[in-house]
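The structure under discussion appears below in the form of structure tokens.
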Amino acid sequence: MNDSSYKFEVSDTLGRIDSVLVSMLEEVSRNRIQKLIRSGRVKVDGQLIRKPSYKLLGGEILEIYIPKIKETELIAEHIPLDIVYEDHNLVVVNKAAGMVVHPSVGHDSGTLVNAILAHAPDIEGIGGEMRPGVVHRLDKDTSGIIILAKNDRTHQFLQNQFIERTTEKIYYALVDGIPKSSTGRVEADIARSKKDRKKMAVFPGGQGREAVTYYRILEQFDKHAYLEVKPETGRTHQIRVHLAFIGIPIAGDRVYGRKKPTIDIKRHFLHAAELRLLIPGETSARSFLAKLAPDLETVLNKIRR
């Protein structure tokens with residue numbers, strides 16, 4: 001997309017300026033329009049407006065400048081992917097453990113984003129960010145279902161469902177210890193740790209962000225339990241932090257759990273097994289599934305024996 005400038009006269013279309021612009025520029029997502037407004041790219045009757053909630057009364061002249069999406073510095077890498085589903089709007093991947101979702105400090109290659117760029121070279125930059133297509137994330141050592149958008153509007157459509165908590169996510173986890181009840185709900189605010197900025201922690205009294213996790217026991221062993229876990233919210237490291245907080249850390253989690261694993265495992269035992277949400281063009285939610293990763297299945301079978 002090249003740089004573009006538009007000029008409109010508002011007739012009887014009233015309301016928030018971001019909503020009006022979305023109706024006028026159908027190819028541009030609400031998310032991007034809001035960013036353009038905040039960055040000073042929109043004028044009303046010649047005056048800069050920086051609030052997406054600015055109310056239009058009718059008769060105003062709108063001007064909007066849309067710079068082209070910045071060229072990405074990411075390099076496409078031909079890395080094998082386990083693709084569960086794909087159409088012209090999105091791709092669903094069963095992510096392997098050990099793969100980082102997007103480039104960051106210390107991880108500038110070999111990521112899921114690098115692989116997706118090779119698989120779908122024309123994927124949009126999503127507002128010029130360095131995370132093309134990324135709707136949500138999984139930790140490096142968490143395997144399982146993750147969805148990526150191929151265009152800006154699909155990205156916003158999917159991300160809204162995560163924000164509004166209409167998606168359903170199911171994980172499988174093996175924990176050290178046995179929960180006090182067969183089912184449970186953990187509600188504890190989460191924020192970045194003040195002692196270690198690389199970690200998250202539980203904060204009382206509204207000092208963190210709301211976080212809610214449900215679990216139920218699928219199988220119980222002498223010193224471990226195999227759980228189905230459903231996070232209602234999507235905070236960073238939420239499941240790992242919450243389970244550790246109630247005294248049953250995930251087996252193999254050397255960050256929030258025991259430094260020396262109680263079983264022979266190379267990573268934390270956490271797998272994103274199912275994601276249920278609505279995709280563009282469909283009227284009912286669809287579930288995407290990923291079987292338990294082979295290395296975790298091996299660990300589980302050893303415990304069963």
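The values are calculated or read from the model by the stated rules, or taken from the named source; none is laboratory data. Treat the numbers as computed from the prediction; the structure is a model and nothing was measured. Counting neighbours? That spans all protein chains shown, and the Cβs are built from the backbone with ideal geometry, glycine included.
For (1) under 17 Å from the mean Cα position of the chain (by Cα); (2) modelled with pLDDT under 95, each residue gets a yes or a no:
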site	(1), (2)
150	yes, yes
175	no, no
184	no, no
198	no, yes
206	no, yes
215	no, no
235	yes, yes
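For (1) touching a Cys at 6+ places or on another chain (Cβ under 6 Å); (2) at pLDDT below 90; (3) of a type outside the set (Asp, Glu); (4) buried (at least 18 other Cβ atoms within 10 Å of the Cβ), each residue gets a yes or a no:
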| site | (1), (2), (3), (4) |
| --- | --- |
| 5 | no, yes, yes, no |
| 15 | no, yes, yes, no |
| 36 | no, no, yes, yes |
| 49 | no, no, yes, yes |
| 59 | no, yes, yes, no |
| 67 | no, yes, yes, no |
| 73 | no, yes, no, no |
| 93 | no, no, yes, yes |
| 102 | no, yes, yes, yes |
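Being free of Cβ contacts under 8 Å to residues at least 60 places away in the same chain, buried (at least 16 other Cβ atoms within 10 Å of the Cβ) and over 30 Å from residue 87 (Cβ atoms) is true for just one of 188, 120, 173, 115. Which residue is that? It would help to see each step written out before you state the result.
Values: 120 fails: over 30 Å from residue 87 (Cβ atoms); 173 fails: free of Cβ contacts under 8 Å to residues at least 60 places away in the same chain; 115 fails: over 30 Å from residue 87 (Cβ atoms).
Being free of Cβ contacts under 8 Å to residues at least 60 places away in the same chain, buried (at least 16 other Cβ atoms within 10 Å of the Cβ) and over 30 Å from residue 87 (Cβ atoms) holds for just one of 188, 120, 173, 115, which is 188.
So, of the residues in the stretch 262-303 that are part of a loop (DSSP other than H, G, I, E, B) and of a type in the set (Ser, Thr, Tyr), which turns out to be surrounded by the most Cβ atoms within 10 Å (Cβ to Cβ)?
Here is the first cut: in the stretch 262-303, the residues part of a loop (DSSP other than H, G, I, E, B) are 262-269, 278-285, 290-293.
Still in the running and of a type in the set (Ser, Thr, Tyr): 262, 283-284.
Details: 262: 15, 283: 5, 284: 6.
Selected residue: 262.
Within the stretch 275-303, which residues are closer than 30 Å to residue 164 by Cα and of a type in the set (Ser, Thr, Tyr)? Spell out how you get there, then give the answer.
Filtering the stretch 275-303 down to residues closer than 30 Å to residue 164 by Cα leaves 275-293.
283, 284, 287 - these are the residues of the stretch 275-303 that are closer than 30 Å to residue 164 by Cα and of a type in the set (Ser, Thr, Tyr).
Taking the condition out of contact with any strand residue (DSSP E or B) (no Cβ under 8 Å at 6 or more places or on another chain) and more than 30 Å from residue 261 (Cα to Cα), does residue 197 pass?
So residue 197 does not fit the description; no.
Sort through 33, 37, 64 and tell me the only one that's within 30 Å of residue 11 (Cβ to Cβ), assigned to a strand (DSSP E or B) and not charged (D, E, K, R).
Unique residue meeting the criteria: 64.
If you go through the stretch 217-225 one residue at a time, do you hit one that is under 18 Å from residue 138 (Cα atoms) and either surrounded by 17 or more Cβ atoms within 10 Å (Cβ to Cβ) or not acidic (Asp, Glu) (or both)?
no
Restricting to the stretch 209-251, count the residues that are over 13 Å from residue 176 (Cβ atoms) and without any contact (Cβ under 8 Å) to a residue 24 or more places away in the chain.
Of the residues in the stretch 209-251, 1 are over 13 Å from residue 176 (Cβ atoms) and without any contact (Cβ under 8 Å) to a residue 24 or more places away in the chain.
Checking the structure you have, find out if any residue of the stretch 261-273 is in contact with an Asp or Glu (Cβ under 7 Å, 6 or more places away or on another chain) and among the β-branched types (Val, Ile, Thr).
yes
Where the second residue is crowded, with 17+ Cβ neighbours inside 10 Å and among the polar types (S, T, N, Q) and the first is closer than 21 Å to residue 245 by Cβ and lies in the stretch 256-280, which pairs have Cβ atoms under 6 Å and are six or more apart or on separate chains?
270/142; 271/143
Here is a list of conditions, (1) assigned to a loop (DSSP other than H, G, I, E, B); (2) closer than 29 Å to residue 94 by Cβ, and residue 259 meets all of them except one; can you say which number that is?
Residue 259 satisfies every listed condition except (2).
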